[in-house]
Amino acid sequence: GVTRLLLTRIPFFKEIIVSSFSCDSCSWSNTEIQSAGRIQEQGVRYALAVTSRQDMNREVVKTDCATARIPELDFEIPAFSQKGVLTTIEGIIDRAVAGLEQDQPVRRATDEEVARKIDEFIGKLRQLKEMTSPFTFIVDDPSGNSFVENPHAPRRDDALVVTHYRRTPQQAAMLGLEVDAKPPDAAEDLRDEVLQFNTNCPECNAPANTNMKVVQIPHFKEVIIMATNCDSCGHRTNEVKSGGAIEPQGTRITLRITDPSDMTRDILKSETCSVEIPELEFELGMGALGGKFTTLEGLLKDIRDLVERNPFTLGDSSTPSRTGKLQEFVGKLQEVNGKTKAHFIMDDPAGNSYLQNVYAPEEDPELRVERYERTFEQNEDLGLNDMKTEGYEPEAASGR
């Protein structure tokens, strides 16, 4: 016989190899497909609600390691029971019917009851082709190389649900992939575990525990959250450290507060970041409040607490003139909740602060992020002017 190979590409999917065999002696022919790419990082599951004759004509790529199911009939084509095929949903059903009918004459002679039940099931499969009732067609492929056509592409198909998932060790072994029996990398453990170490309470100096967790902020970078709880005096504190290096440029983030929902935006304020609210003539310098990962409302509350708890501002050691001005300021600060429009500005020379873009990955019309070159004084504050990380070894050797 003759085998013909064709490398083709399915739109909105990937390249495949179609092999077709035909025999002139007995007229037998067969068609198979193989993926032209590698096994994907994740498995894929297609679930299609078949409701019309047009749905029966959808193209299907079913690899030999994929499982096809029709839950309504409790019917399943197991993995590796068929070769890979490029067909339609109707073609999948026809191949299943042909496979079941193949040994029916022998069954009728040996076990008539089993043959009768299979005939009934074949009748149910044929009824699916007549679309007497809707049904669900599911293709589950751990290799991620199967496909069910979306005729509305690139738009979404409401009848088709595509789910990507992580393979189990059993599925990886079935595909011939090596299952990594080595322990996970220590760096990965940091992302999944809360680390705890012993410290002393900053208030009463009693032994306390500090918890540390590495967190990935979407569309930003990794940060380290540290929280200390003291059982002796009840003191609790939390602080955020940047998990990366100082950025090449500084960052200035300006948010125009126009709606109460803006108060729920996530904020990462590093310890090198200063905060400014021009409408209130307020500025919080670098280092105040330390590093914090909170919301805009939470940061404004911390600023208010910082003012109210200071004995030299509103406490016993304050003066009447200063107290009146600060009480007026605290009142205005409480009004900044979206009803009173204001600008919230974060200026971080290290570039390690973040304010959530609720429209991500699209641009936020109320949020402006500017990158700028640091001045000599800002580099001095960050300790960068005297920091030399390259070319210092020859000088050290000559000095000796």
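The values are calculated or read from the model by the stated rules, or taken from the named source; none is laboratory data. Being a predicted model, the structure only gives us computed values, none of them experimental. Heads up, the Cβs are rebuilt from the backbone with ideal geometry, glycines too, and the neighbour counts pull from every protein chain shown. Quick note on the areas: whole protein, heavy atoms, side chains included, nothing else; ligands and nucleic acids left out. Shrake-Rupley method; radii C 1.70, N 1.55, O 1.52, S 1.80 Å.
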* In region 341-391, what residues are of a type in the set (S, T, Y) and farther than 24 Å from E297 by Cβ? -> Y372, T375, T389
* Run down A360, A396 and say which single residue is at pLDDT below 80 and either open to solvent by 70 Å² or more (accessible area, probe 1.4 Å) or assigned to a helix (DSSP H, G or I) (or both). => A396
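Go over the candidates R95, R58, R107, R53 one by one and state the one that is open to solvent by 40 Å² or more (accessible area, probe 1.4 Å), in contact with a Ser or Thr (Cβ under 8 Å, 6 or more places away or on another chain) and among the basic types (K, R).
Working: R58 fails: open to solvent by 40 Å² or more (accessible area, probe 1.4 Å); R107 fails: in contact with a Ser or Thr (Cβ under 8 Å, 6 or more places away or on another chain); R53 fails: in contact with a Ser or Thr (Cβ under 8 Å, 6 or more places away or on another chain).
The match here is R95.
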* Structure fact -> For region 228-255 the number of residues that are crowded, with 16+ Cβ neighbours inside 10 Å, modelled with pLDDT of 85 or more and part of a strand (DSSP E or B) is 7
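Restricting attention to region 256-281, which residues are assigned to a strand (DSSP E or B) and open to solvent by 30 Å² or more (accessible area, probe 1.4 Å)?
Our first condition is that a residue be assigned to a strand (DSSP E or B); within region 256-281, this holds for 256-257, 266-269, 274-277.
Of everything in region 256-281, those that are assigned to a strand (DSSP E or B) and open to solvent by 30 Å² or more (accessible area, probe 1.4 Å) turn out to be R256, D266, E276.
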* Subset of region 195-227 that is open to solvent by 90 Å² or more (accessible area, probe 1.4 Å) and closer than 15 Å to N352 by Cβ - its residue that is modelled with the highest pLDDT -> Q216
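Which of the residues spanning region 363-379 are in contact (Cβ under 8 Å) with a residue 40 or more places away in the chain, closer than 29 Å to P260 by Cα and open to solvent by less than 50 Å² (accessible area, probe 1.4 Å)?
Step one: filter region 363-379 for residues in contact (Cβ under 8 Å) with a residue 40 or more places away in the chain, giving 366-374, 378.
Going one step further and asking which of them are closer than 29 Å to P260 by Cα, we end up with 366-371.
Matches in region 363-379: E366, L367.
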* To do: For residues that are modelled with pLDDT of 70 or more and more than 13 Å from F282 (Cβ to Cβ), scanning just region 303-321, find the one that is surrounded by the fewest Cβ atoms within 10 Å (Cβ to Cβ).
  => P320
* For region 50-69, enumerate the residues that are of a type in the set (A, V, I, L, M, F, W, C) and either touching a strand residue (DSSP E or B) at 6+ places or on another chain (Cβ under 6 Å) or not assigned by the TED database to the domain that holds V161 (or both). => V50, V60, V61, A66, A68
